[in-house]
Structure formats: C-alpha cells, structure tokens
Amino acid sequence: MDKNLAKYIWRHTSRQQIWILFIILLSMPTYYMSLDLPKQIVNGPIQGDGFATPDAHQTFLRLVIDLPDWISTAKPFVLFEGFSLDRFQMLMALSGGFLVLVIINGLFKLYINTFKGRLGERMLRRLRFQLVDRVLRFPPNVFKRVKASEVATMVKDEVEPLGGFIGDAFVQPAFLGLQAATALFFIILQNFWLGFLAAFMVGIQGVVIPKMRRRLIKLGKERQLTARQLAGRVGEIVDGISSIHVHDTSNYERADIANRLGRIFKIRYDLYQWKFFVKFLNNFLAQVTPFLFYAIGGYLALRGQLDIGQLVAVISAYKDLPSPIKDLIDWDQQRLDVQVKYAQVYEQFQVDQLIEAEVQELNGKPVAPITTPISITNFSASDDSGARLLENITLDIRPGENVAVIGTAGGGTEALADAMVRLVWPEQGRVAINGTDLQALPEAVTGRRTAYAAADAHLFQGTILENLVYVLKHFPMRQATYEGDLAKQRAWEMDEAGRAGNPDHDLRSDWIDYETIGAKGPDDLLAAIEQVLDAVHFSDDVFDLGLRASVDETLHPAIPEHIVSARKALRTRLEEEGLASLVTSFDPALYNAEATVGENLLFGTPVGPELSNVNLASNAYFRSVLAQSGLDEALYRMGVEIARNAVELFRDLPPDHPFFQQLIFMTADEIPDYQALLQKLQDKPFAQVAEADRSRMMKLAFSYVEPRYRFGLLDQEMMDRIVAARAAFHDNLPDSLKGAIEPYDVESYNKSASILDNVLFGRVGHRHADGAERIRGIVRSVLDDLDVSRDVIRVGLEFNVGVGGRRLTSVQRQKLHVARALLKRGDYIILNKALSSVEQRTQEQLVRSVLGEAARDGRKPAVVWVLSNPNLARLFDRVVVLDRGTAVEDGDYDQLMSKKGVFAGLLAS
C-alpha cells in the first residue's frame, strides 16, 4: 500500500485514467457546439438574421476545411456542400441538431460515469482485499490490541467513500475543469467583460469555499474516530454480555453509550452547521453572477453593444458553469476527506513485523511429512506489557513421542505450546524444524503437518461439519465445472478478480484435502469424521443434535424413508419388550392423552406462524371451527380452571422454585397477572368476555396435558369432542392454510417435525419417570439395527454452532477443537489444555482415547499435551515441567517422581 492516495490510485489505474481522459477530450467539441447552437437558433431562424426576404435560403451542414494563411494559401476545400433550407426548415434543422448534440453529450456522460463507477468499485475491491490480506499477515500480538469490530468497520465502512472517489480522482477534475473552461471561453468570446466577470466570481468561489471547508475535514476526522470507537465498544458489549449481567453493570454501559452518542451528536451538529453555512455562501456567490449578467448584459443590449442572441447564449452558457465549478469544489472537499480516511486506515494497517507474503503462498503440491524433531533453542518471549512468558527454553520434541507439559501457575506452559505453532513470537532464540526457523517456514508446511487445539480456540459461525473440515481446506483440490451462462459468469468473475488484484481461486470448488485423512472423496469423509468424534466422545452429542433436528429432503433424500421404517421397528420393539405404554402413538380416530390439547386439535405440525401455539387462539378459521363445535366456551372454561389451579398452587412459591420448570403454560412472573384476570372474569358470562381475555385463557387450555398436570379437566366426552373438531378442522381447511400445517400420517415422514418426533410418532408417557431417557436408548438401538444412525449423525453435523460456537457448551467446543486436530492427521499434534473444561473423572478416559486415535492405523505422530491435570502425565512417554517460564525438569514420569522436585510437588498439591 502507498502512503499517498493519489499515488496508490495512479499506480493501479493509470491506463484507465488516460483512456477516460481521452474520451473526455473527445467529448469537448460536441459540448462546445451545444453551447453555440442556441445563439445560432435565436439570431438566425427566430430573429431572421440571414433571411431578409420570405424566400431567402441558407446552407445547412456545409463542411469546409479552411487552413489559416500562415499554414497554407490554398483555397478552402469543400467536403460537403450542405443543404439549402428556408427559414422554417433551418429552424427545424438547427433544433434537431441541438437534440442530436444533447443525445451525444448524454451518451458521453453515460459512458464516462459507468466507466468511472466500474473503475472505482474495482479499486475499492482491491483495497478491501489488501486490507484483509494484511490482517491475515498481522503478527499475533497485534490482535491483542485491536478490536475485531473496529477492524471490520474500517474494511467495510471507512473505505467505502474511497470507491466513489477513486473513479473521480483524475477524471472528475479534468472533465469538470474542461467543461468549466469551455463554458468560460465561450462567454469571453461573446463579451470580454461578461467573461471577465464570470471568471472573477469563479475565482472567488474557488479560493474562499475550499478554505472554509477545511474545518469540515477536521470535524469529519473526529466523527470517524468516535464512530469507530463506538463500534468497538458495542462489539465489547456483545462479547462481554454475560459479565455485564453477572455484575449488574448494564446501566453503566448505557451511560457509557449515551456519553459516546452525545459526543458524536455534538461533532455532527457542528459539522452540519458549518457545512450548510458554506453551502449557503457558495449558492449565494453562484446566484450573484446571473444577477450581474441580467443587469450589465441587459444594459449593454439596450445600448446596442451586445445582441440578444449573444446575451441568451451567455446566460445559457453560464447555467452550465456553476455546476462544474461547484462539483470541482465538492471534488476538492471529497479529495481532502478521503485522503484523511485513507491516511487513518493506512496508519492502522501499517504494522511492524508483518508476515511475509511468501509464507502464505498457495501451494497445491503434497507436503512431505516432518520426520525431524522440533527444536526449541534458547527461546525467550514476553507479552505486550513486557512480562516474561518464556525464558531460555531449549527442548527437542522428537517424532512419535508423547510429551506432557506441566507447569506451575504462570509457568508458561500455554505460551510454550503457542510458540510451537507460531502463535507466540520469540524475542530471542528460535523454534526450528529440520534446521529451518519456524518463522520462515511456509504455512503450507506448518498448517498441514502440525495440528493444534486450545481451550479457547475459535469456531466460525457455520455447521459442525464445516468447522471440522475447515482444517483441511488448503487448496481447491477439485475444480468446479461450469456450463453455458454459468461458465460465462465465471469467466467474467475471473477477469474482474484479476483486474482488481484478487486471486481467482474458486470458492465453489472442493477445497477439502480428502487424501490427508485417507478418504477418496466426499463419500468417505463421514467415516473419518466418525472416528475422531468417537475418540473425543462427541458422537453422542452430535447424534442427539441430529435427533432434535428436522431433515432437509433435498440434502438427504433417503432419510425420510429410513425413518418411517424405524418408526415401525420401534413400535414392534416396544411391544416385544412390553413397553408399549412408554409411547402413546398418534391415531386420527383417538385422543392422545400424552399430547397437549392444541396438538390433539391440530393433529399435525405447524409450518410457519399462522397456526403456532402463540397464534392458534387468534386464528379466524380455527376459532370458527371451535365455535361451530361448541368447544370455544368449553376450552375457555378449561383455561379458567387451569389458571385458578395454577394460581392457587404456585402463588406463594418463590420465582426460582423448580416447580415452575414443569409449568410450561405459565411463568412465575405471570402468576399475579392471571390472578388479577381471574378476579376480573369472575362470574362474567362467556359472551361478555373480551376477545383478548378469551384468547389468553384458551392458550392455557391448548398447552394442557392431563397426565402431566392432573387437574381432572379432561373426561372422555371432552376428548371425543376434540377429536370430532379435529376432523372438521382438516375436512374444511381453506387453501390459504393448507401449507400452514403438515398433518400426522403413520405412513409418511413429517418434514416439519424432528427426527425423534418422526420415529416416535407420538408422545412419551408422563407416567414413566425415566421415560425420555429410556426411549432415547431404545431409539438409538433401533436406528443402529437399521443402519440409520449414521444418517442421523450426518444431520447432526449440520447443526449451526452459532457465533464463536456459542450454541455449543464449553465442553462440546473443546471436544470439537480436539476432533478437528485429530482429523488433520498431522505429524505433530499440540494440545494446549484442550480438554480443561471436562470433569476430572472423565479426563483420563478421554486422554487415552485421543492418544489411541492419534496412533490409529500405524500412525505415530508426536503429541505434545499441555495438561491441566498433572496426574495424567503418567500416560505419556515424557514429561516437561515449567516453572516461571523456564524448563526445570524433563524426563519420564517415574524419573521425575523419584526426584521429588517441582513435578512431585505439583502432584502432591
């Protein structure tokens, strides 16, 4: 990046700038002709100059080459004799010529503006890519000082004005300057003094206005900085929202935001005041000149020193003069403004020790395994505050050995692991592989032959599968194919990418390196993923996520058929084991006592909000069905009784009482509201109850399950009436609601329901205390027998982990990090307290499983594990102990225990 914006623009767009300047020069003759033609129309056909008699004619469009005498004394050369026209014909011909010139000038402007816009957007694309490229090359310590939201704001918003300016950087002043000079030259030709007056006023505008706008630049810079800081603060609030709630600092944050907004308001208010004052002055100066033209030009016309046609032409030409002058002044203001923005962005992205571009070069060739030790020699490093992290560390990590790294509090163990993957840079010493400094090795080597997982490693927003295979995306392994219009679009994209200095790598290609994990293609990928998920005990979690998810049939066309088969197999298994009562199946002719009243009425899964539980009571068609069957009043009375029972049972309990977790239709905060509503509705006839109050009580009834709450509100007669209303509801369902519900059908897969609900095709009985857990085990067994579990895991892998993986628990996130480190199958696997959130009693089992998976199929990578539990060090070949940033002990478990040194002390504590 160049420090000077103009130099940066010229270096990348000089050829395009010269071309568009040529087009601008080409447009000037027609522009001048469009200024001169109104004078010819007024003086000629309209006022009769040259048409002394009614039958007089003049020549139109006569083309002659007449060289000056100092060049040649030859007679003029006539190219075209032209047309002989009378007065009316000449008027029409000149008017038509003026229209043609207007069209030509408009086409010139269209081409110029389109070209400028494309050029500006192309350069903006280049600049944004370069900024992100530099972010990818920042040294690790920079990210401890910058806020992600501020960097994103600079890349997205702060460079946006540069795109509009880049196309105008050289073209706009040339285009507007030539337009203004042409108009001014034309005015001077008509009358010198009027031209001098116009030039004088233009000079005042060109000097005074830019100087007054300097203050706007300063205010704009302050506005930009404060807005960026606001974005950074809002980002901090989002990231730290849990701390805000825990420590009751939400009002402090509100005060902080209000203070920042007040400062921004003050800056913007000052900016607007000055901006519009400058605009008023500029407009005033622009309007004074026409006043002088009318006064002085009119006086000269009355004196006979200026003909009317010339005055009209001068006034017409001046109408085209203020616009380019104003635009030139605006361009100068924009130039200063974007120069300030560019300088600030340049300053923020100009950091020391930027990673060399060669380190991150794309490499599509296979990378040879690392067969030599990782040598750490006299390695020392400090944090940003200057505190020592590591001090003269010298170690060799040999291929194939399992090394446990243990340390005292603040011993530097985590920094050592980070140093081995270039996340901590040395102040002195180095980390080397095969004699080559780690800092100089390409990321194609370190990123493919070493694997790393930490307790706080980042997950990108996307699916579990996308985060797993992310570590395998180094190069487009299989190019996407395009045909027809898609091929043309791809060719255009590649051409534009090249012009903008962007790589033409196709994101739609398959980037996954299947060969690294021993797979031949996408079909073998799941088997490799299942192995690492089993190793970190994450398979059950993914399976559960899949059970709770619905299936996209376009992605998994075979699953619905398998699930319907599993549904029948589950029913058979339950009957064989005498557990048929564990699940009450849906039957169109029967009321399902384990389902809610609303579910029994709908007998299907709502699709969209129209028939959701929240909107069900207010749906006009649904209410009409209830009214026709007489259930509206019955369900209202049921809701009243539910509210009365709930208020009586729970009104004296504290809001955090566990009973409220079982009350799905009412929260603790709603108890007083329903208590007041019951008093309001006491003894009031149904017909006199307000519609909103009816709906509120009926919603309670829709969520009622008799075996769960046991209020004794559902008898057989009421159940039969609900089943009859259900039939009427589906028989007369209007077309507008047919897509709003997917009815239950024992022979069909319900696309809107989860896999578990489809397999059960019913509800788990509330009479069984451990029913949900037991049925889950049976469902897993049935799906295993039918070889459908893998399909469910595939669906679970499509679960979106959310921003930073926040939809997963901390334990699940850590397991996912370790799983993808294993999936990479590196020669060195560095695990930095990677499973610290896992409870102690299961950590040993997990560590054994991970070490076993790393050595699967004869592989023998080196595993370096920074342990949070020192007792697990006995599972490793070698133990390295750090104390205050220095390696104080190194040996196997038994040797270190016999020394009774730091390691033994850590175990004893």
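Among DSSP beta bridges whose residues both lie in the chain, state the antiparallel percentage, nearest 5.
Restricted to the chain, the bridges split so that about 65 percent are antiparallel.
Give me the percent of the accessible area of region 819-908 that comes from carbon and sulfur atoms, probe 1.4 Å, all protein chains in place.
Of all accessible area on region 819-908, carbon and sulfur atoms account for 43 percent.
Report the Cα centroid-to-centroid distance between region 801-829 and region 516-531 in angstrom, as an integer.
Here the answer is 17 Å between Cα centres.
Which trypsin sites (Lys or Arg not before Pro) does region 510-596 hold that lie in a coil by DSSP with at most 11 other beta carbons within 10 Å?
Counting only loop positions with at most 11 other Cβ atoms within 10 Å, the trypsin sites (Lys or Arg not before Pro) in region 510-596 are LYS520.
I need the peptides 794-800, 28-34 ranked by packing, meaning the mean over residues of other C-beta atoms within 10 angstrom, with the highest value on top.
794-800, 28-34
How large is ³J(HN,Hα) for each residue in region 434-444, as worked out from phi by the Karplus curve 6.51 cos²θ - 1.76 cosθ + 1.60 (θ = phi - 60°), to whole Hz, x for Gly and Pro?
6, x, 9, 4, 4, 5, 9, 6, x, 5, 4
Under a crude label model (7 Å from the Cα following the beta-carbon direction), how far is ASP495 from GLN229 in nanometres?
Label-label distance for ASP495 and GLN229, simple model: 4.8 nm.
Report the extension gain between GLU347 and LEU26 in nm, rounded to one decimal, defined as 0.36 nm multiplied by the number of residues separating them, less their alpha carbon distance.
Once the chain is fully extended between GLU347 and LEU26, it gains 111.6 nm.
Report the one residue of ALA676, VAL779, THR584 whose Cα lies farthest in the direction of the positive end of the charge dipole of the chain (charges on C-beta: Lys and Arg +1, Asp and Glu -1; origin at the Cα centre).
Projecting each Cα onto the dipole axis, the largest value belongs to ALA676.
Lys/Arg Cβ at +1, Asp/Glu Cβ at -1, dipole of the chain taken about the Cα centre: which of GLY739, GLY203, LEU127 is farthest positive-ward?
In the chain, that residue is GLY203.
When the accessible area of region 595-699 is split by element with a 1.4 Å probe, what percent falls to carbon and sulfur?
Percent of accessible area from carbon and sulfur atoms in region 595-699: 51.
Assign unit charges at the C-beta atoms only (+1 for Lys and Arg, -1 for Asp and Glu), then state the dipole size of region 408-557 relative to its Cα centre in Debye, rounded to the nearest 20.
Dipole about the Cα centre, nearest 20: 520 debye.
How large is the accessible surface per residue of region 713-824, computed with a 1.4 Å probe and reported in Å² as a whole number?
Result: 45 Å² per residue.
On a 0 to 90 degree scale, rounded to 10, what angle separates helix 308-319 from the longest Cα axis of the chain?
20
Taking 35 Å as R0, compute the FRET efficiency from the Cβ-Cβ separation of SER385 and ARG15 and round it to 0.05.
About 0.10, to the nearest 0.05.
Under 5 Å between amide hydrogens, which residues at least 5 positions from LEU389 or on another chain qualify, with H placed 1.01 Å from N in the peptide plane?
Under 5 Å from the amide H of LEU389: ALA381, SER382, ASP383.
State, to one decimal in nm, how far the label point of ALA772 lies from the label point of ARG303, with both points 7 Å from Cα in the Cβ direction.
Label at ALA772, label at ARG303, 10.0 nm between them.
How much of the accessible area of region 228-286, in percent, comes from carbon and sulfur atoms when a 1.4 Å probe is used?
Carbon plus sulfur share of accessible area: 62 percent.
Between ASP587 and GLU610, how many nm apart are label points set 7 Å from Cα along the C-beta direction?
3.1
Would region 70-119 count as rounded, prolate or oblate if I go by the C-alpha gyration tensor, calling it rounded below 1.5 in a/c and otherwise prolate when a/b exceeds b/c, oblate otherwise?
oblate
Stokes-Einstein at 4 °C, 1.567 mPa s, Kirkwood radius from Cα pairs: D for the chain in µm² s⁻¹?
36
Roughly what angle does helix 522-535 make with the longest principal axis of the chain, taking Cα atoms, 0 to 90 degrees, to the nearest 10?
50
Quick one: putting +1 on the C-beta of Lys and Arg, -1 on the C-beta of Asp and Glu, what dipole do you get for region 48-154 around its Cα centre, in Debye to the nearest 20?
1660
For region 472-600, what does the accessible surface come to per residue with a 1.4 Å probe? Please give it in Å².
52
If you place +1 on the Cβ of every Lys and Arg and -1 on the Cβ of every Asp and Glu, how big does the dipole about the Cα centre of the chain come out, in debye to the nearest 20?
3320
Under 5 Å between amide hydrogens, which residues at least 5 positions from PHE475 or on another chain qualify, with H placed 1.01 Å from N in the peptide plane?
Here the answer is none, since no amide H 5 or more places off falls under 5 Å of that of PHE475.
Determine the calculated [θ] at 222 nm for the chain from helices alone, applying -39500 (n - 2.57) to every DSSP H run no shorter than 4 residues and normalising by the residue count; nearest 500 deg cm²/dmol.
Helix-only estimate at 222 nm: -17500 deg cm²/dmol.
If you plug each phi of region 80-92 into the Karplus form 6.51 cos²θ - 1.76 cosθ + 1.60 with θ = phi - 60°, what whole-Hz ³J(HN,Hα) values come out, in order, with x for Gly and Pro?
The phi angles translate into 8, 6, x, 10, 8, 10, 7, 5, 5, 4, 5, 4, 5 Hz.
Given 0.36 nm per residue, what is the gain on full extension from ASP787 to ARG548 after removing their alpha carbon distance, in nm?
Additional length available on full extension: 84.2 nm.
Each residue of region 572-580 in order: what ³J(HN,Hα) in whole Hz does its phi give by Karplus 6.51 cos²θ - 1.76 cosθ + 1.60, θ = phi - 60°, with x for Gly and Pro?
Listing the rounded values in order: 5, 4, 5, 5, 5, 8, x, 10, 4 Hz.
Work out, step by step, the length gained on full extension between LYS75 and PHE98: first 0.36 nm times the residue separation, then minus their alpha carbon distance; give nm to one decimal.
5.3 nm
Which of PHE51, ALA527, ALA753 sits closest to the plus end of the dipole of the chain, meaning its Cα is farthest towards the positive end, when Lys and Arg get +1 and Asp and Glu get -1 on the C-beta?
Comparing the listed Cα positions along the dipole, PHE51 ranks first.
If amide H atoms are built 1.01 Å from N in the plane of the peptide, which residues on other chains or at least 5 residues away come under 5 Å of the amide H of TYR452?
When sequence neighbours closer than 5 places are left aside, the close amide H contacts are ILE830.
The values are calculated or read from the model by the stated rules, or taken from the named source; none is laboratory data. This structure is a prediction, so every number in the text was calculated from the model and none was measured. All Cβ positions, even for glycine, are placed from backbone atoms using ideal geometry, and neighbour counts span all protein chains on display. These accessible areas exclude ligands, DNA and RNA; they are computed on the full protein's heavy atoms, side chains included. Shrake-Rupley method; radii C 1.70, N 1.55, O 1.52, S 1.80 Å.
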